Amino acid sequence: MSMDRTRRSFRTGSSNNPVLIILGVVGAITVIACLGCGGCMLGVLGLGAFSDGSGLFFMEEMEVEVQRQLKDHPDVKRELGEIESVSANIFDSVEADDEFKSDDFWSFDVKGSKASGEIIVEAPGLTNESSFTQRILRTSNGEFDLGPTPDDYVPLSEAPDEEDLEPSSSLESEEPANVSGVIDGNN
């Protein structure tokens, strides 16, 4: 009789092993798939599927251009203060594309000395040309149309050294166009 008990307990114990093996394999496949999806997303961004072929460096160039174009803009100064940082937000860019029904919109998180906000720009053709056809500032106080890039704006790629530029050069070109749009300040 003792032999039957041993065989039965052996059989009972062995029936759990395949279940554990299957669960382990499914868990491993799930972990690999999750890591693969995250890696694919980084690979797509890094290889340049959202850029001009130069990878994430292109987004850094756009961040610099957004900051250069808007650092002296009266609406930005009033709402955010001095721009401290600009960073691209790929996920908000996808939402902006859906909102405006175009693939040409890019969203940037902007931190200023007074507040933080979001700047959305339209960059048709996605080139390094730094010319935006639309620039929108969103803050807790509302949404502000900043207009297109001024015609006389010189992109960073064509600009002389920053020390050679006058700090108010972009302010002078934008101020007359925006003063008429902001009359009462209650936008």
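Its residues counted as N, region 54-158 yields a C-alpha radius of gyration over 2.2 N^0.38 Å of 0.98.
The charge dipole of region 67-110, taken about its Cα centre with unit charges on the Cβ atoms of Lys, Arg (+1), Asp and Glu (-1) only, comes to about 300 debye. Rounded to the nearest 20 debye, the dipole size of region 54-158 about its Cα centre is 420 debye, using +1 on the Cβ of Lys and Arg and -1 on the Cβ of Asp and Glu. A simple packing score, the average count of other Cβ atoms within 10 Å per residue, orders the peptides 64-70, 86-92, 144-150, 26-32 as 64-70, 144-150, 86-92, 26-32, with the highest score first.
Values in this text are rule-based calculations from the coordinates and carry no lab data. Predicted model only: the values in this text are computed from it and were never measured. Methodologically, a virtual Cβ is constructed for each residue, glycine included, from the backbone with ideal geometry; neighbour enumeration extends over all protein chains shown.
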